[in-house]
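The values are calculated or read from the model by the stated rules, or taken from the named source; none is laboratory data. Because the structure is a prediction, the values reported are computed rather than measured. Neighbour counts are summed over all protein chains in view; Cβ atoms, including those assigned to glycine, are modelled from backbone coordinates with ideal geometry. The accessibility values were calculated without ligands, DNA or RNA, using every heavy atom of the protein model including side chains. Shrake-Rupley method; radii C 1.70, N 1.55, O 1.52, S 1.80 Å.
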Amino acid sequence: GRPLLPRDCEVPEFKHACLGGIYAMKSALRLLASDGADRQAIVVSADIAEYERGSTGEQTQGAGAVAMLLEANPRLLSIDLKQSGSASDYRTNDFRKPFSRFTGQRLGANGQLQDFPLFNGGYSTDCYLEATVEAVRNMLDKRGARHGYLESLPAVFMHRPYKRMPETGLALCTLFALGSGDSDARAELARYCELAGVAPEDVLAEIWSSPRVSNTMDRDAGPVYPHSQNVLRAFRGKDGYRTRILAKQALGADMVAELGNLYTASLPAWLAAGLEEAATKGTALAGEEVLMIGYGSGDAAEAIPAELVPGWEDYAIKSGIAESLRNSVPLDQQDYEAFHSGEGTRPERPVANEFIISRIGTCTSANAADLGIEYYEYVS
């Protein structure tokens, strides 16, 4: 019942690990800054995080989609890409999805093939930490800021495979910022080093080393920042960890914990949930800057600051993350295992004012092949 999109609408598709949605957002912002300044852009971040049963990634599964509306005169967040930071590297087989995995695989009852990534938990964590540190370092270099900037932020939203990962990433960035700060900041870092039994010069060497994570999954090399990660364990038990890390990641944390890992929709979902919660609580953020840190497994990270504009609450409250969770249907172990194997049937749940996949094509004839095509239906 709504007008169709204009025919001269560009509709590019970005597929880039968990960073595809953020790259799409950057592309849309660049469009609005050039030939599309008088238009709007819609970015839809959608993904499925599925792992083999019994694997170390199984508990981080999730699926979902988040839509973002962008325009030249924003009413929620203002983003200046000239202030953002980037980092990328090639990590060979971290979270790759080679097509050969599909060889001989049968379609499940849901008409889909299972799309499991190749990964090693420890190596993937190193890739996340190193890319996050480098993207934040690049952003701080552009801004001429150090530890004082991270201290000033009321909230930091990150790519969130599971709860501890963004905590560790932000904590490591904070320690590195202390090490590159003034004498008081370095003295604070030295106290954490003493608690951990680590020489401060070893941590400082890691801060300025910019190591390249090995292009293999061989874990014999050990963690990418061994001394700093030991110091981080000592930092976790201190008040500074609660105020600088946990407090800055508290907004929306409970809601996104219910969503699980959304891959490329993970950061947008946390941002939406966090701002929705802040608006509900009446948190004063107008004119404040928050930090978004996106990550794409096996390759890259983005650190993007954004400023809350006056009146942001009216739009944050419309995000709908809390509402989207109200009609969730719990699965018992038997149901979960059936769905995971592709043999489960759709659970009964109220459906209203939303799109559903009504069927998946099965035809393979020469004139009308639609095998695997999803047919959408809007249910009012």
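Couple of notes before you dig in:
- Taking Thr168, Thr132, Thr283 as the candidate residues, the one with maximal mean-square fluctuation in a Gaussian network model of the chain, Cα springs under 10 Å, is Thr283.
- Neighbours of Pro12 by Cβ distance under 15 Å: Lys/Arg scored +1, Asp/Glu scored -1, total 0.
- Relative contact order [Cα under 8 Å, 6+ residues apart], the chain, whole percent: 24
- One compactness figure for segment 203-357 is 1.36, namely its Cα radius of gyration divided by 2.2 N^0.38 Å.
- Rounded to the nearest 10 degrees, the inclination of helix 226-236 to the longest alpha-carbon principal axis of the chain is 90 degrees.
- Listed residue (Gly62, Ile42, Ser297) projecting farthest to the positive dipole end of the chain, Cβ model: Ser297
- Remark: accessible surface ordering of Thr125, Thr103 (largest first) is Thr103, Thr125, probe radius 1.4 Å.
- Projected area, mean over directions - segment 47-163, Cα convex hull, nm²: 10.7
- Lys, Arg +1 and Asp, Glu -1 on Cβ, resulting dipole of segment 1-79 about Cα centre, debye, nearest 20: 200
- Taking the 1.4 Å solvent-accessible surface of the chain as the whole, the part contributed by carbon and sulfur is 51%.
- Long-range HN-HN contacts of Met158 with modeled amide H, under 5 Å: Ile293
- When both segment 222-288 and segment 327-356 are represented by their alpha-carbon centers, they are found 29 Å apart.
- Ser380-Arg349 FRET efficiency (beta carbon distance; Förster radius 22 Å; 0.05 resolution): 0.85
- Each Lys and Arg contributes +1 and each Asp and Glu -1, all at the Cβ; summed about the Cα centre of the chain, the dipole is approximately 120 debye.
- A simple count of charges around Glu337, restricted to other residues whose Cβ falls under 10 Å of its Cβ and scoring Lys, Arg +1 and Asp, Glu -1, yields -2.
- For the chain, accessible area per residue (1.4 Å probe, heavy atoms of protein chains only), Å²: 53
- When Rg and the Kirkwood Rh are both derived from Cα coordinates, the Rg/Rh ratio for the chain amounts to 0.98.
- Spin-label pair Ser365-Ala67: with each label point 7 Å from Cα along the Cα-Cβ axis, the two points sit 3.4 nm from one another.
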